[in-house]
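Readers should treat all values here as calculations from the given coordinates under stated rules, not as data from a laboratory. Values in this document were obtained by computation on a predicted structure and should not be read as measured data. As a convention, Cβ positions derive from the backbone with ideal geometry for all residues, glycine included, and neighbour counts pool all protein chains shown.
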Amino acid sequence: MARTRVAVLVSGRGSNLHALIAASAAPDYPAEIALVLSNNPASPGLDTARDAGIQAQAIDHRAHGRDRAAHEQAIDAALREADIGCVCLAGYMRLLTPLLTTRWAGRMLNIHPSLLPAFPGLQTHARALQAGVTLHGCTVHLVTERVDDGPILGQAAICVHPGDTPETLAARVLEQEHLLYPLALRRHLGGRAAGPREGVLLAV
Ligand code: GRF
């Protein structure tokens, strides 16, 4: 089976990266995690990658000052150099410009900790509690130039319990992220349609 060479872009902890690496150990998984890039040289995700024998590279945005295009060019060059076919953003905390979103359109996924289109942006768990929702969760979607937007590939939902805090919600949603991302990537690379009825849905 030809496996797609996937790059994962991280900025921090890298637990979703870990879940993707673990899933890709299955012989029938359609992706090989071939490259990990971070804008943050201190990202633990880089160590996670190296420990797994995966090529890992920091491309520090601070080296490019305010020149977002130059930073994204460097990322794009690294992706091409490694013959990457698909990119997964996993806690990558930089806003992307059309330079990357256009070049990787249809081949760049993101995971977001809310049931989009609700709560794009930051502080999603606190905002969900504030809004009084009874269902919360996470979403894997294709990346477009609009932040936390783009066709939804899969979602996982959890119930909000009385007494939940942003921290308890974050922990339960993160468990679902680790299940959802590998499933959604598998489905995406399997080439099946990703309309709302055919996307991955986990509800717990
Ligand atoms: C996750 O909650 C993800 O949904 C969001 O950033 C967080 C990254 O966590 N985009 P990790 O680095 O994968 O542990």
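Enter the angle in degrees (range 0 to 90, nearest 10) between the Cα long axis of helix 166-189 and the first principal axis of the Cα atoms of the chain, meaning the one along which they spread out most. Computed tilt is about 50 degrees.
Estimated purely from DSSP H runs of n ≥ 4, each contributing -39500 (n - 2.57), the mean residue ellipticity at 222 nm for the chain is -10500 deg cm²/dmol once divided by its residues.
Counting only C-alpha contacts under 8 Å and six or more residues apart, can you give the relative contact order of the range 1-70 as a whole percent? Contact order relative to length: 32 percent. Note on the range 69-162: dipole from Cβ charges, positive end direction compared against PRO151, ALA69, TRP104; the farthest Cα belongs to PRO151. Pull up the DSSP beta bridges for the range 1-152 and report the antiparallel fraction as a percent, rounded to 5. Approximately 20 percent, going by the DSSP bridge assignments.
Average 1/r across all pairs of distinct alpha carbons in the range 19-82, invert it, and you get the Kirkwood radius: 12.8 Å. The convex hull drawn around the Cα atoms of the chain, when projected onto a plane and averaged over every direction, covers 11.2 nm².
Taking the 0 to 90 degree range and rounding to the nearest ten, how far is the long axis of helix 68-81 tilted relative to the main principal axis of the chain, both from C-alpha atoms? Helix 68-81 and the main axis of the chain meet at about 70 degrees. Note on the range 4-140: with charges restricted to the Cβ of Lys and Arg (+1) and Asp and Glu (-1), its dipole about the Cα centre is near 420 debye. With distances taken between every two different alpha-carbon atoms, the range 89-172 has a Kirkwood hydrodynamic radius of 13.4 Å. Only the Cβ atoms of Lys and Arg (+1) and of Asp and Glu (-1) were treated as charged; on that basis the dipole of the range 129-177 about its Cα centre amounts to roughly 120 debye.
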